[in-house]
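S.K.: Sending over a structure as structure tokens; questions will come in a sec.
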Amino acid sequence: MRLHACDVCGTLSFPGLKPPAYEDGAVAEDADANAPLSQGAIKFYVEQGAAPDTMVEPLFWFDHAGIKRYAEVGCGFGFGLDFAREALGWEVRGFDPSPLARAGRRLLDLPVTLDYLGPETLRGEAPVDVLLASEVIEHVVDPHRFLDDITPPLAPDGWLVISTPNAAGVHRDASPGALLPILTPGYHLVLFSETALRRLLEIHGFTQVEIRASETNLTALACRRSRSCDLSRTLDRALYRDYLKRRLGALDWDEPLAHGFSGRLIKEHVNAGNIEPARAELRRLADCYRRLYDIDLDRPESVLAEPTAIESFAHFAAAIPANLCGLAYRSAFIALHHATDPAHALAYFELGERAGSALRNALQSIGSDDGETEHLVDLCRLGALESAIRIAPSEASGRLKAVREAFVGANGADVCASHRFEGGLERCFVDLVFAGSYAAANALADARGTTGGNAPEVFGRESGEALDSAALDLARSCHARGLLALNDRNDAAAALPWFRAAGEHLRAAPLSDSALGALAGAIEMARLSARAVVEPADAALECAERLAVDASPAPQLFGLCCEVFQRLIHGAFYAEAARLEPVITRHLRHAPEMLSAELAFVLGIFALNHALSPADALGWFAQAAQLTPPEHPLNELALSHARRAEAAVGMGAESRTSK
């Protein structure tokens with residue numbers, strides 16, 4: 001097949017390609033319904049292939065006030081229709097002649113017309129407020145006629161949402177998992193560039209056209225009147241989780257559709273940090289898979305232990321749940337990051353790689369692939385590497401070599417895969433440092449043979465370092481290198497430039513990133529902690545000035561300055577700490593609830609050793625003991641220092657009496 005590119009707008013097309021008849025078998029209720037390939041394809045789609053969250057996210061780019069009627073052209077199985085009806089409360093209609101749409105109409109009880117949407121289909125009915133055509137326009141021979149046919153039912157101020165593959169994603173370095181879904185040979189006829197899609201919609205009278213582009217996809221929001229919208233808005237994940245839970249409650253647990261909803265709910269729970277609900281859902285699905293497939297997810301090393309023979313895609317789909325890779329990955333993630341059990345995590349990561357690779361081989365046997373599964377396999381390989389190094393740091397070099405070959409091949413010629421691999425390795429290194437696994441982090445760094453470790457000002461621009469140059473990732477990488485220098489090597493002077501570089505990268509990161517706030521606080525804390533050792537006078541002055549600006553500082557800022565004060569005291573920088581102590585005690589008089597046991601203890605040390613005020617010291621030590629549980633080591637330490645201060649007070653009183 002020959003793919004042609006337009007020199008003017010960058011659109012790609014397969015000229016002369018005859019589109020398949022999507023309506024085959026759609027009218028007769030039983031026609032093709034039990035065809036093995038059709039059944040296998042539907043099972044894969046509902047268990048793993050569909051991405052309902054991605055489908056419905058554009059529905060959150062505009063205000064829902066006044067939205068009542070919603071229609072989808074080429075609705076497929078109907079996940080978008082179901083969400084709009086169940087979660088948003090809209091009246092919905094779908095149009096699609098395919099067997100997939102027929103299955104969704106039956107299983108989700110949806111109002112789907114098994115026909116194409118055309119000028120006559122909705123004649124006499126009320127206009128629709130939102131019309132969505134997701135991954136449809138690339139299938140038609142004449143996009144102009146397509147828009148002429150589907151837009152008459154749209155209200156004059158209604159929203160048209162069109163998503164389609166991005167022609168820019170077709171290039172020689174694209175991975176098979178990303179490239180095959182874009183091309184879908186034999187089915188996709190026209191692949192739009194952003195320029196061409198915008199021009200097409202403008203020609204058809206849409207005066208407001210907003211497009212959000214990813215590497216593989218374009219999504220356009222268009223209206224014939226000027227209306228407010230915001231393409232930076234994201235899906236309401238809590239609402240989406242509630243939808244998944246409600247849907248699960250109404251489904252037969254022996255059906256693939258329920259397994260797909262369950263797998264997506266587990267993914268949402270893990271991503272949101274809801275670990276206990278994720279574990280409960282995993283146990284429920286594991287019990288089901290044990291009964292239906294004889295798969296024991298409690299013993300991941302036993303699942304797919306032998307190479308899987310692929311007789312046909314249909315047989316594979318019937319024998320293996322398509323979301324097994326994702327379930328294994330999320331089980332491994334919980335074991336590694338929440339249960340701190342790298343051995344168990346390693347077994348799950350290895351199962352994820354086996355299951356995902358087997359699924360991709362089965363899909364490729366019918367000329368298809370799955371980008372999310374490709375990504376999950378990569379994550380499983382890297383997760384297995386991280387887990388294995390945590391268990392045995394000495395094996396880092398051999399493990400790293402094997403994983404690199406799995407990514408890029410023995411000759412390492414795949415530039416795109418090499419880029420993904422180096423970025424993944426960097427994230428592994430950062431995770432190890434943040435988890436306090438310093439021996440494993442050092443072993444991975446040594447095995448990588450990374451350069452530029454002492455040059456934070458050029459980090460991210462050197463070959464072989466952090467190839468993913470996103471500002472947030474660079475900030476995390478610099479922060480991790482600073483932590484390793486400060487906490488593992490006790491080298492505050494080497495750590496400080498890394499923390500400063502991390503702060504600079506973070507200031508260039510998108511303000512909307514949810515990880516920004518927590519990371520910014522951690523970097524600032526680390527920078528001032530290192531500065532308290534390297535530049536104690538400057539650190540004390542910076543904190544005093546920042547506290548002096550605000551009569552009621554935020555708890556985070558106050559805590560940060562108290563941390564610096566404690567570092568100064570523990571380093572015996574009493575003269576420098578003296579600049580900060582009056583500001584801290586003044587704020588404590590107005591907000592005594594901000595006093596911690598640790599802060600009270602170091603204030604006592606300062607009063608005893610520098611201010612030569614044992615009476616004040618006695619009061620601080622007594623408060624430190626009161627704020628600390630009896631079994632805590634600091635409690636006994638505070639009490640012993642209180643006795644010392646009390647003795648000093650008595651000696652002072654005795655001296656004054658004798659005089």
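S.K.: Within the group 281, 311, which residue is charged (D, E, K, R) and either open to solvent by less than 20 Å² (accessible area, probe 1.4 Å) or at pLDDT 95 or above (or both)?
M.R.: Going through 281, 311 in turn, just one is charged (D, E, K, R) and either open to solvent by less than 20 Å² (accessible area, probe 1.4 Å) or at pLDDT 95 or above (or both): 281.
S.K.: Something else: Would you mind stating whether residue 522 is open to solvent by less than 70 Å² (accessible area, probe 1.4 Å), hydrophobic (A, V, I, L, M, F, W, C) and modelled with pLDDT of 85 or more?
M.R.: Criteria met by residue 522.
S.K.: Could I ask something else about it? Just checking: which of the strands (runs of 3 or more DSSP E) contained wholly in the range 45-141 hold 2 or more residues that are open to solvent by less than 10 Å² (accessible area, probe 1.4 Å), under 23 Å from residue 240 (Cβ atoms) and touching a residue at least 40 places away in the same chain (Cβ under 8 Å)?
M.R.: Qualifying strands (runs of 3 or more DSSP E): 69-73, 128-134.
Per-residue answers, yes or no, for (1) touching a Lys or Arg at 6+ places or on another chain (Cβ under 9 Å); (2) over 18 Å from residue 598 (Cβ atoms); (3) of a type outside the set (S, T, N, Q); (4) at pLDDT 90 or above:
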residue	(1), (2), (3), (4)
485	no, yes, yes, yes
499	yes, yes, yes, yes
514	no, yes, no, no
579	no, yes, yes, yes
582	no, yes, yes, yes
588	no, no, yes, yes
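S.K.: Also: Since residue 552 meets every condition but one in (1) part of a helix (DSSP H, G or I); (2) modelled with pLDDT of 75 or more; (3) not hydrophobic (A, V, I, L, M, F, W, C), which condition does it not meet?
M.R.: That leaves (1) as the condition not met.
S.K.: Can you pull out the residues in the range 156-182 that are buried (at least 19 other Cβ atoms within 10 Å of the Cβ) and of a type outside the set (A, V, I, L, M)?
M.R.: Hits for the range 156-182 are 158, 159, 163, 164, 165, 166, 169, 177, 181.
S.K.: Restricting to the range 142-155, and then to whatever is in contact (Cβ under 8 Å) with a residue 40 or more places away in the chain and surrounded by fewer than 18 Cβ atoms within 10 Å (Cβ to Cβ), can you tell me which residue is nearest to residue 97 (Cα to Cα)?
M.R.: Applying the filter and picking the extreme gives 148.
S.K.: Here's something else I'd like to know. Looking only at residues that are open to solvent by less than 40 Å² (accessible area, probe 1.4 Å) and of a type in the set (Val, Ile, Thr) in the range 194-242, which one is nearest to residue 261 (Cα to Cα)?
M.R.: If we take residues in the range 194-242 being open to solvent by less than 40 Å² (accessible area, probe 1.4 Å) and of a type in the set (Val, Ile, Thr), then 219 is nearest to residue 261 (Cα to Cα).
S.K.: Only one of these conditions is not met by residue 211: (1) modelled with pLDDT of 95 or more; (2) among the β-branched types (Val, Ile, Thr); (3) in a helix (DSSP H, G or I). Which number is it?
M.R.: With respect to (1) modelled with pLDDT of 95 or more; (2) among the β-branched types (Val, Ile, Thr); (3) in a helix (DSSP H, G or I), residue 211 is out only on (3).
The values are calculated or read from the model by the stated rules, or taken from the named source; none is laboratory data. All of these numbers come straight from a predicted model, not from anything done at the bench. As a convention, Cβ positions derive from the backbone with ideal geometry for all residues, glycine included, and neighbour counts pool all protein chains shown. For the accessible areas, the whole protein counts, side chains as well, though only heavy atoms, and no ligand, DNA or RNA atoms are used. Shrake-Rupley method; radii C 1.70, N 1.55, O 1.52, S 1.80 Å.
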